[in-house]
Amino acid sequence: MHRLDLQAKLAILADAAKYDASCASSGSVRRDSRGGQGVGSTDQGMGICHAYAPDGRCISLLKILLTNSCIFDCAYCINRKSSNVRRARFTAEEVVRLTLAFYKRNYIEGLFLSSGIIRSSNYTMEQIVEVARSLREDHDFRGYLHLKTIPDADPELVRLAGVHADRVSINVELPTVGGLTRLAPEKDARQIEGAMADMGASIADAGEAARKFKSAPKFAPAGQSTQMIVGADAATDRDIVGKASSLYDRFGLRRVYYSAFSPIPDASAVLPLKRPPLMREHRIYQADWLMRFYGFAAAEVQDAADDQGMLPLDLDPKLACALKFRDSFPVDVNRAPKEMLLRVPGLGTKAVDHILSSRRHRRLRLDDVARLTLSVAKVRPFITTIDWRPTLLTDRADLRALVAPKQQQLELFAA
Ligand code: SF4
């Protein structure tokens, strides 16, 4: 095989890593000043992506695969065995060298490393662990490390990943066992969850030890995360929300990332031809947010789905829940408990905290609430204040149309 230089490998293996959403930043059209025109760039260059550290800081990571060769044939994956893509492979030493070089030039604050499976799961995991070990032990690297682990690798190797990494992740890939069996027949849902359970237990033990002993060794202090693909199989939003909630509850995951399936070149015939609307991914992220920060039970969010199990695309899931459970509204902002205020569409967690602290000193008016929200029109039907009471607004048949965001005409010739 033609030998590739480091630059060529980086181009292939950074591009191959972009399908992993675990540290995604997306949305805007990128601008850059390559070619000597203009000043500044929002595109960080080959393999560098933004991610959020546990303390909320946005950090730049070198995001690459060790190799895009793989002995597995997961239908949704561009790197699968039967895919006709250009292959490349870094040695562990090359990844260490690249990471240190980028780090010293201040391009990155850490490394996100994943890999296709070469030879065997254990061999691949050994290579990933070797990169992390060498960075930490040989070079005293103090930057951020996020390692993908391979669920059927030897548990001791997976544990070693946690010893060196800040965050580890094991991809659950698809929300249902049926979907996984159909699209990734070499993967085993029980094995994936078993590895997550072991990792969750080790992280919890280390956390417990750290609370008792200052000198306790760190173990994946930024926790574990996973990724689920949306729209590659027949799983509904209801399935996805239920699966995510169960993963959070059972394994103490820090994050579940959702990635809208995007059709790949030479796609397998079992895959859909079209990608799902990006808005679907967005609504699922909002539903996830409701469960993690607003105290919603999975069943509550699932009840906002339609008969086909899908969340509405034109409404955020919190508004959809409120419309579904109108009987619980309006809530009195001067008396309602925190959990009810958190269910009012248009009131975020900061607004609710503000209401709770303000109402200790005085009774709130509609204007006070209006100052805490982007759209008082969205909030008004669902609350009462000392000077506002909606007149049977929640009974109106057209309430949905009244509070739903207005559709915007897209610009035909927008860049
Ligand atoms: S094991 Fe990972 S890299 Fe290999 S085909 Fe499956 S998803 Fe792709």
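The values are calculated or read from the model by the stated rules, or taken from the named source; none is laboratory data. Predicted model, so just to flag it, every value in this text is computed and none were measured. We place every Cβ from the backbone using ideal geometry, glycine too, and count neighbours over all the protein chains shown. The protein model used for the area step is the full one, side chains on, heavy atoms only, and it has no ligands, DNA or RNA in it. Shrake-Rupley method; radii C 1.70, N 1.55, O 1.52, S 1.80 Å.
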Q) In whole percent, how big is the carbon plus sulfur part of the accessible area of the chain, probe 1.4 Å, protein atoms only? A) 52
Q. How large is the accessible surface per residue of the chain, computed with a 1.4 Å probe and reported in Å² as a whole number?
A. 52
Q: State, as an integer percentage, the relative contact order of segment 283-373 based on alpha-carbon contacts under 8 Å between residues 6 or more apart.
A: 23
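Going down the table (K63/K104; K18/K318; K81/K148), which pairs top 28 Å between alpha carbons?
Where the Cα-Cα span goes over 28 Å, the pairs concerned are K18/K318.
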Q: In whole angstrom, note down how far apart the Cα centers of segment 207-274 and segment 318-337 are.
A: 30
Q: Return one number: the angle in degrees, 0 to 90 and rounded to the nearest 10, between the long axis of the Cα atoms of helix 349-358 and the longest principal axis of the Cα atoms of the chain.
A: 40
Q: Note the angle between two axes, namely the Cα long axis of helix 92-104 and the longest principal axis of the Cα atoms of the chain, as a number of degrees from 0 to 90, rounded to the nearest 10.
A: 60
Q. Is the shape of segment 260-299 best called rounded, prolate or oblate, per the rule: a/c under 1.5 gives rounded, else a/b larger than b/c gives prolate, else oblate, with a ≥ b ≥ c the square roots of the Cα gyration tensor eigenvalues?
A. prolate
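Report relative contact order for the chain in percent, whole number only (criteria: Cα-Cα under 8 Å, sequence separation at least 6). Walk me through the intermediate numbers first.
Values: 662 pairs, mean separation 41.5, N = 415.
About 10 percent, as a whole number.
Can you tell me the order of 62-71, 89-98, 263-272 when each peptide is scored by its average per-residue count of other Cβ atoms within 10 angstrom, highest first?
Values: 62-71: 24.0, 89-98: 18.5, 263-272: 12.6.
Listed from highest to lowest mean packing, they are 62-71, 89-98, 263-272.
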Q. Computed from the mean reciprocal separation of all distinct C-alpha pairs, what Kirkwood hydrodynamic radius does segment 51-125 have, in Å?
A. 13.9
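Quick check: from the Cα gyration tensor, does the chain come out rounded (a/c under 1.5), prolate or oblate?
Details: a/c = 1.83, a/b = 1.67, b/c = 1.09.
The shape class here is prolate.
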Q) What percent does the relative contact order of segment 247-331 come to when contacts are Cα pairs within less than 8 Å and at least six residues apart? A) 20
Q: Can you tell me which of 282-293, 206-217 comes out highest on packing, and rank the rest after it, using the mean Cβ neighbours within 10 Å?
A: 282-293, 206-217
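Using mean Cβ contacts within 10 Å as the protection proxy, how do 191-201, 306-316, 143-153 order, highest first? Don't skip to the answer; put the middle values down first.
Values: 191-201: 18.3, 306-316: 15.0, 143-153: 22.9.
Ranked from most to least packed, the peptides come out as 143-153, 191-201, 306-316.
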Q: For helix 237-251, report the angle its Cα long axis makes with the longest principal axis of the Cα atoms of the chain; keep it between 0 and 90° and round to the nearest 10°.
A: 70
Q: Write down the percent of antiparallel bridges among all DSSP beta bridges whose residues are both part of the chain, to the nearest 5.
A: 25
